[in-house]
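The structure under discussion appears below in the form of structure tokens.
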Amino acid sequence: MSERPGQTELETLRRLLALAREEDLGAGDVTAALLPAEVAARAAFVAREELVVCGAAFLAEIAAAYHADIRTETVLEDGSSAPAGAVIARWSGPARAILSAERVALNFLQRLSGAATVTRAFVRAVAGTRAGIYDTRKTTPGWRALEKYAVRCGGGRNHRIGLYDAVLVKDNHLAILAAAGQVDPLAALAGPLERAKAALAKQPPPGGFIQVEVDTLEQLRSALRLPVDMVLLDNMAPDQLAQAVAIRDRAGLAGRVELEASGGVTLATVRAIAESGVERISAGALTHSARSVDIALDVEIG
């Protein structure tokens, strides 16, 4: 599978790249300046471990920020699997500029490929079930568009982008309603959710959705009486999740209301969670805990 970044991802990259270049390059690379200005080089971005590529599509943009004469050859597209030793891309051009751009390029490539790689592991772990793997808003500030792109490169799916494109009523929203005197906070949301649903329906495709978080099966029964598209089942064990699926199905809402498991989702637990029958599994670990994978820029001799 392969992915290409859209305008949002490219605009985010440019903004972050300007910051990264400024903090790293400053007034100039005093070490690269030791090299003759006319020397050209050819260098390869090489995977040092098995990984899923993400960020190769940004290398030309990064190179251009350092020197217009750096040429980028993409060998593996974003979303591709790369074995250890595989060449992901190559740069050729002024040696000084290539070395100056090296660290910033690797920071983007290693970090995003790390998120794509861990996402692919989760996706493979639930293969054969109906569960899709979704990300969360637990992203690095400023990096959300890029990290969500990395999740797609790994075969995962994006949850809401921010607070503006979907409704997700969480436990703290319900706690505030209870503190304000609502005996049944979920029931109190029926009218507001109907109005929100009508407003979201006017958004351009794919439009927004309405989701409510619950942490008990009794809350689930109440939530299913609301105008919701999805219910988030928080920190439920696989047997509870299976019961939740049965409750939803008996209510005649299979195919109309999706169930999402969240909380305690790891590579060790995700298969059992998926086998409960839920349609969605969201995991903050795709972005907040992904490690940077090992990629190097090797100068090619000869």
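What follows is calculated from the coordinates using simple rules that are stated; it is not laboratory data. Just so it is clear, the model here is predicted, and its values are computed rather than measured. Note that each Cβ is placed from the backbone with ideal geometry, even for glycine, and that neighbours are counted across all protein chains shown.
Annotations
- Computed Rg/Rh of region 82-127, alpha carbon atoms with Kirkwood Rh: 1.14
- Per-pair calculated FRET efficiency, R0 = 41 Å: R291 and A175 via Cβ, rounded to 0.05: 0.75
- Phi-derived couplings, Karplus 6.51 cos²θ - 1.76 cosθ + 1.60 at θ = phi - 60°, listed residue by residue for region 78-95: 4, x, 6, 7, 10, x, 4, x, 6, 7, 8, 6, 10, 10, 9, x, x, 4 Hz, with x used for Gly and Pro.
- Close amide H contacts of E300 (hydrogens built in the peptide plane, cut-off under 5 Å, sequence separation of 5 or more or a different chain): R42, A43, A44.
- For A274, neighbours were defined as the other residues whose beta-carbon sits under 11 Å from its Cβ, and their charges (Lys and Arg +1, Asp and Glu -1) total +1.
- Taken one residue at a time, the phi angles of region 45-57 give Karplus couplings (6.51, -1.76, 1.60, θ = phi - 60°) of 7, 10, 6, 9, 8, 5, 7, 10, 6, 8, x, 4, 5 Hz. Gly and Pro are set to x.
- Euclidean distance of C-alpha centroids, region 241-268 and region 40-84, integer Å: 40
- Quotient of Cα Rg and 2.2 N^0.38 Å for the chain, N being how many residues it contains: 1.20
- For K138, the aspartates and glutamates whose Cα falls under 18 Å of its own Cα, not counting residues fewer than eight places away in the same chain, are E9, E147, D165, D171, E213, D234, E260.
- Amide H contacts of R157 (H built 1.01 Å from N, in plane; Pro and chain starts excluded): I133, Y134, D135 sit under 5 Å, all sequence-distant by 5 or more or on other chains.
- FRET efficiency, 1/(1 + (r/R0)^6) with R0 41 Å, evaluated for N158 and E300 via beta carbons: 0.65
- Shape summary of region 1-121, radius of gyration then Dmax from alpha carbon positions: 14.4, 45 Å.
- Gain in span if fully extended, K138 to T216, counting 0.36 nm per residue against the direct Cα distance: 25.7 nm
- Along each principal axis, taking the top coordinate minus the bottom one, the Cα set of region 128-288 gives 42, 35, 30 Å in descending order.
- Length available on full extension from S2 to R124: 0.36 nm per residue minus the Cα-Cα distance, which gives 42.3 nm.
- Going from the fewest other Cβ atoms within 10 Å to the most, the residues R130, R48 appear in the order R130, R48.
- Modelled FRET efficiency - R0 41 Å, V75 with D165, Cβ distances, 0.05 increments: 0.70
- In this simple spin-label model, placing a label point 7 Å from the Cα along the Cα-to-Cβ direction at both A84 and A201 gives a separation of 5.6 nm.
- Multiplying the residue separation of A268 and A246 by 0.36 nm and subtracting their alpha-carbon distance yields 5.5 nm.
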